[in-house]
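Novice: First the structure, then my questions, so here it is.
Coordinate-derived values only; no laboratory data. All values reported here derive from a predicted model rather than from experimental measurement. Using ideal geometry, Cβ is built from the backbone for each residue, glycine included, and neighbour counts are taken over all protein chains shown.
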Amino acid sequence: MMCKRNIVFFLQQCGDSSELPPRSDDVLFPMKPSHHNRKQTAAAFAAALVSLSVSSQSTAEDSLSWLRPPPTAPNEINSLLANTDPSLRPVSLPQLTENTTDAAIKAAREQISLTNIPDVADRFWMISTRSLTSSTCNVNLDSPQLRVHRLDSRGKASPATLDEYLSALTPERQVVVYVHGNRMASNKVVHRSFSVYRNIIRCNEKRPMDWVIFSWPSAKQGTLIHDARRKASRTDAQGLYLAWLLRKQVKQAESTKMIGFSFGSRVITGALHSLAGGKLGGRLLPGSPTTGATVDVGLVAPAIDSNWLSEKGYHAMATKNLDRLALLYNRRDAVLKRYWLLNKVRGRVALGYTGPRSFAPRADGSELPVVARDYSSYVGLRHDELDYYTKSRHAANIMADLINDTDDTEINDTRNR
C-alpha cells in the first residue's frame with residue numbers, strides 16, 4: 001500500500017496546489033511553511049522585468065494576459081517608473097497568490113527568452129505526434145502521419161511536409177532533436193524549447209544547426225501521480241514514432257544530437273533502442289535494424305529506470321546507436337525520489353536521481369563515454385528543466401560541447417563509466 005505521506009509530498013513538489021488539501025488542514029503530515037512572501041516578491045520583480053524588456057509598441061500587458069489589471073484597485077508600481085520614458089507606462093499588477101507565483105515567474109522568464117532570440121543562421125522545426133494514437137498496439141509504423149512545421153526565430157509556425165524537412169538536412173548543419181518532458185501543453189512547447197536553445201547557443205556555437213522540436217502528447221491530465229502514470233505508458237509509442245523518424249533522418253544528416261528532459265529522455269533512449277532492433281511494448285520497427293548511428297545524447301533528469309541502459313536493461317540496445325552521453329542528474333530531486341510510485345514497486349530508482357550506474361557497450365564493443373554531473377547543489381528539490389540551465393552555466397556548456405563535438409568541460413565530471 002502506498003504511503004499517504006509520499007503521495008502528498010510528491011504532489012506538493014510539482015503539482016498544482018489545487019490538487020492538495022490546504023496545508024493548515026494537513027494535520028497528519030504537516031509540511032514546512034512555504035516562503036510565501038519571498039515568492040510574491042520574486043514574481044512581482046519578474047513581472048516588472050518583463051514589462052521593461054518589451055518595446056513601447058508591445059506592452060507587458062499585451063504579451064502576457066495575466067498582467068492585465070483587475071477591475072478592483074490594483075497594486076501599481078508607479079514609484080518604479082516615475083522617472084522613466086513616457087512610452088513605458090505604469091503596469092498594474094494583480095494580487096499575487098501562492099498558487100500563481102511559480103507559474104508567473106516561469107512564464108516571465110520564458111517570455112523574456114523568447115522575445116530576445118536574435119535572427120540567426122539556425123533553422124527551427126517542430127514535428128508533432130499529438131494527433132496520433134499513443135496505444136503501442138495501434139501505432140502505424142509504415143507511414144505515421146507526423147505533423148511538420150517550420151518555425152521562424154520568433155516561434156511563428158508555418159506548415160511543411162516531412163519530405164521538405166528531410167530534403168533540407170545537409171551535412172554542413174548539425175541536427176539537434178529536442179524532446180520535452182511531461183505536462184507540456186502544445187502552446188508552451190515552443191517557448192520552452194527556445195529557452196533551452198537560447199541558453200545553449202550562448203556557449204560559443206561553432207556551426208549552424210537545425211533545431212528540431214519533437215512534440216508529443218504530454219499536456220496535464222488530472223493529478224500528478226495519475227498523470228505521470230498515464231504519460232509513462234505513452235513513451236513506448238512515442239519512442240517508436242521517433243525511431244521511425246530517426247531512421248529516415250540519419251540517412252540525410254551527417255550528425256544528429258538529441259537532448260531530452262524527464263520523460264523526454266525516456267522517449268529518446270527508447271527510440272535509439274528501437275532503431276537498433278529492440279522491442280518497445282512488444283513492437284519492432286519494420287525493416288532492417290540500424291546500428292552505429294553515432295548519436296550524441298544529453299539527458300537532463302531522465303525519468304527512466306537506472307538499469308535500463310545496462311546490458312540486460314529495457315533500452316539496452318540504445319547504446320548501439322550512441323557515440324557519447326551527457327547525463328545531468330539530481331540526487332535531491334523530490335519527484336524522481338518517488339519514481340517507484342509509477343509502478344508501485346519499491347526499489348525502482350530513476351537514472352536522473354542516482355546518476356550513472358552501468359551501460360551496455362557501443363556498436364563496436366567499446367565502452368560508452370559518459371559525462372555526468374550531480375546538480376543537486378544548484379537545483380535542490382525541484383524537478384525543473386530550466387533550473388539546470390539558469391542556475392548554473394555548466395549545463396549549457398556541457399550541451400554545447402556535445403553539439404559542437406568538443407570536450408571543453410572544466411568541472412569535476414565523470415568522463416567514462
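Novice: Answer rounded, prolate or oblate for region 264-417, using the Cα gyration tensor with square roots of eigenvalues a ≥ b ≥ c: rounded when a/c is under 1.5, else prolate when a/b is larger than b/c, else oblate.
Specialist: oblate
Novice: Which value in nm describes the separation of the simple spin-label points at R207 and R348, placed 7 Å from the Cα toward the beta carbon?
Specialist: 4.0 nm
Novice: Oh, and also: So if I place +1 on the C-beta of Lys and Arg and -1 on the C-beta of Asp and Glu, and nothing else carries charge, what would the dipole magnitude of region 123-416 be about its Cα centre? I want it in debye, nearest 20.
Specialist: Dipole size: approximately 1200 debye.
Novice: Using amide H atoms built in the peptide plane, which far-off residues or other-chain residues are under 5 Å from Y178 H to H?
Specialist: Here the answer is V212, I213, F214, I259, since their amide H atoms fall under 5 Å of that of Y178.
Novice: So who's got an amide H within less than 5 Å of the one on I304, skipping anything under 5 residues away but keeping other chains? H placed 1.01 Å off N, in plane.
Specialist: For I304, the qualifying residues are L351, G352.
Novice: Within region 299-339, find all residues whose amide N lies under 18 Å from a label point positioned 7 Å from the Cα of D405 along Cα-to-beta-carbon.
Specialist: 321-326
Novice: Please list, in order along region 396-405, the HN-Hα scalar couplings obtained from phi with the Karplus expression 6.51 cos²θ - 1.76 cosθ + 1.60 (θ = phi - 60°), rounded to whole Hz, x for Gly and Pro.
Specialist: Calculated HN-Hα couplings, in order: 5, 4, 5, 5, 5, 4, 5, 5, 8, 6 Hz.
Novice: Taking θ as phi - 60°, what are the ³J(HN,Hα) couplings along region 375-390 by the Karplus curve (6.51, -1.76, 1.60), each to the nearest whole Hz, with x for Gly and Pro?
Specialist: Calculated HN-Hα couplings, in order: 9, 4, 6, 9, 8, x, 7, 6, 10, 10, 4, 5, 4, 5, 8, 8 Hz.
Novice: Taking amide H atoms as placed 1.01 Å from N in the peptide plane, list the residues 5 or more away in sequence, or in a different chain, whose amide H sits under 5 Å from that of S218.
Specialist: M184
Novice: Roughly what would the spin-label model give for E164 and D152, points 7 Å off Cα along C-beta, in nm?
Specialist: 1.4 nm
Novice: So what J values fall out for region 255-264 if you push phi through Karplus, 6.51 cos²θ - 1.76 cosθ + 1.60 with θ = phi - 60°, rounded to Hz, Gly and Pro as x?
Specialist: Residue by residue, region 255-264 yields 9, 10, 10, 9, 10, x, 10, 6, 5, x Hz.
Novice: Between S377 and D364, how many nm apart are label points set 7 Å from Cα along the C-beta direction?
Specialist: Once both label points are built, they end up 3.5 nm from each other.
Novice: Would you work out the charge dipole size for region 169-324 about its Cα centre, treating the Cβ of every Lys and Arg as +1 and the Cβ of every Asp and Glu as -1, and quote it to the nearest 20 debye?
Specialist: 380 debye
Novice: Further question: Work from the charge dipole of region 283-359 (Cβ charges, +1 for Lys and Arg, -1 for Asp and Glu, about the Cα centre) and give the residue of Y353, A318, L285 farthest towards its positive end.
Specialist: About the Cα centre, the residue reaching furthest to the positive side is Y353.
Novice: In the neighborhood of A360, defined by Cβ-to-Cβ distances under 9 Å, what is the net charge if each Lys or Arg adds +1 and each Asp or Glu adds -1?
Specialist: +2
Novice: Could you give the length gained on full extension between K279 and C137, defined as 0.36 nm per residue of separation minus the Cα-Cα distance, in nm?
Specialist: Roughly 49.9 nm would be gained on extension.
Novice: Using the Cα centre of region 128-191 as the reference point, and only Cβ charges (+1 on K/R, -1 on D/E), how large is the resulting charge dipole? Debye, rounded to the nearest 20.
Specialist: 420 debye
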